[in-house]
Amino acid sequence: MIFDIICFSLSGIFMKLSDELMDVSHNKFLSVLSDILCVIVTLLVSVVNGDAACIFLSILIGTAFAHKVDSINHIIAAILFVVILFISGFPHFSLICLIVCTIAAYIDERGNDISDKKEKEGDDTGFIYTFFKYRYTMKLAVLAFSVIGIANMYLPGSMFMNFSFNPLTFIYFYLFDICYEFVGSYYNTINNTFKKS
């Protein structure tokens, strides 16, 4: 449990840090380094946790379909993750979960573009803006599969056994997302502090 918490949290930190280093600081070296660290912690949890492998693979596929794997740091990270995961061997996870989470990740990326557009137009309020700003489609998908996982604990042999997550997976994923958003919210403050020192 502690291992999963650490890996999911660090993955969120390094993933967003890589984006900010590339988009805000224009530092390709540190951005790629951050993405490599992200791949390492993501792989560490993905090779032992099928839910993690499913979630992170679906994020990769969904963002690729949304044409968001579009810079050197993203490309290197995507190749490393897929190649090493193939070599090390995929843990068992549900194909249905992968498909649903991939669709959710794609919807979130497209919706996030709408939120960014609204923000630029000064319309940074409302349900649609908030929902896609914080990518709630994926959260709801992971929550649904985690709730099914709880049901399976009390209904052994249920027809839903083959497409569910461990109930704790939603907590791990939410920690990933909190860390991701934290870095996004405070990157400029942290970056400016380092520049002054």
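The values are calculated or read from the model by the stated rules, or taken from the named source; none is laboratory data. These numbers were taken from a predicted model, which means no experiment stands behind them. Neighbour counts run over all protein chains shown; Cβ positions are idealised from the backbone, glycine included. With ligands, DNA and RNA removed, areas are computed over all heavy atoms of the protein, side chains included. Shrake-Rupley method; radii C 1.70, N 1.55, O 1.52, S 1.80 Å.
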Legend entry - Fully extended contour minus Cα-Cα distance, from ASP70 to TYR186, at 0.36 nm per residue: 39.4 nm
Inset, instruction - Taking Cα extents along the principal axes in Å as the quantity of interest, determine which of (i) 59, 55, 38; (ii) 59, 41, 30; (iii) 60, 45, 31 was computed from the displayed structure. - result: (ii)
Inset, instruction - Could you work out how far apart the two model spin labels at HIS92 and ILE178 are, taking each label as a point 7 Å from the Cα in the direction of the beta carbon, and quote it in nm? - result: 3.1
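Please compute the length gained on full extension between ILE36 and TYR134, using 0.36 nm multiplied by the number of residues separating them and subtracting their Cα-Cα distance.
Length gained between ILE36 and TYR134: 32.9 nm.
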Inset, instruction - Just give me a number: lysine pairs in the chain, eight or more positions apart or cross-chain, with C-alpha atoms less than 28 Å apart. - result: 27
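Using alpha-carbon pairs under 8 Å, 6+ residues apart, how would you state the relative contact order of the chain in percent?
Relative CO of the chain lands at 26 percent.
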Inset, instruction - With a cut-off of at most 10 other beta carbons within 10 Å, and DSSP calling the residue loop, which GluC sites (Glu not before Pro) in the range 31-134 qualify? Please list them. - result: GLU121
Inset, instruction - Return one number: the angle in degrees, 0 to 90 and rounded to the nearest 10, between the long axis of the Cα atoms of helix 136-154 and the longest principal axis of the Cα atoms of the chain. - result: 30
Inset, instruction - Enter the angle in degrees (range 0 to 90, nearest 10) between the Cα long axis of helix 72-88 and the first principal axis of the Cα atoms of the chain, meaning the one along which they spread out most. - result: 30
Inset, instruction - Would you mind getting the accessible area per residue of the range 1-115, heavy atoms of the protein chains only, 1.4 Å probe, in Å²? - result: 47
Legend entry - Accessible surface of the range 1-73 [probe 1.4 Å, protein heavy atoms]: carbon and sulfur percent: 75
Legend entry - In degrees, nearest ten, helix 28-46 long axis to first principal axis of the chain (Cα): 10
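Per-residue counts of other Cβ atoms within 10 Å, averaged by peptide: what ranking do you get for 31-38, 48-55, highest first? Mind dumping the intermediate values first?
Numbers: 31-38: 21.1, 48-55: 23.6.
Result, highest mean Cβ count within 10 Å first: 48-55, 31-38.
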Inset, instruction - Would you mind getting me the FRET efficiency between ARG110 and VAL47? Use the beta-carbon distance for r and R0 = 22 Å, nearest 0.05. - result: 0.15
Inset, instruction - Mind running the shape call on the range 55-101? Use the C-alpha gyration tensor, a ≥ b ≥ c as the square roots of the eigenvalues: rounded below 1.5 for a/c, prolate if a/b tops b/c, oblate otherwise. - result: oblate
Inset, instruction - Between LEU168 and PHE3, with labels modelled 7 Å along Cα→Cβ, what's the label distance in nm to one decimal, could you check? - result: 1.1
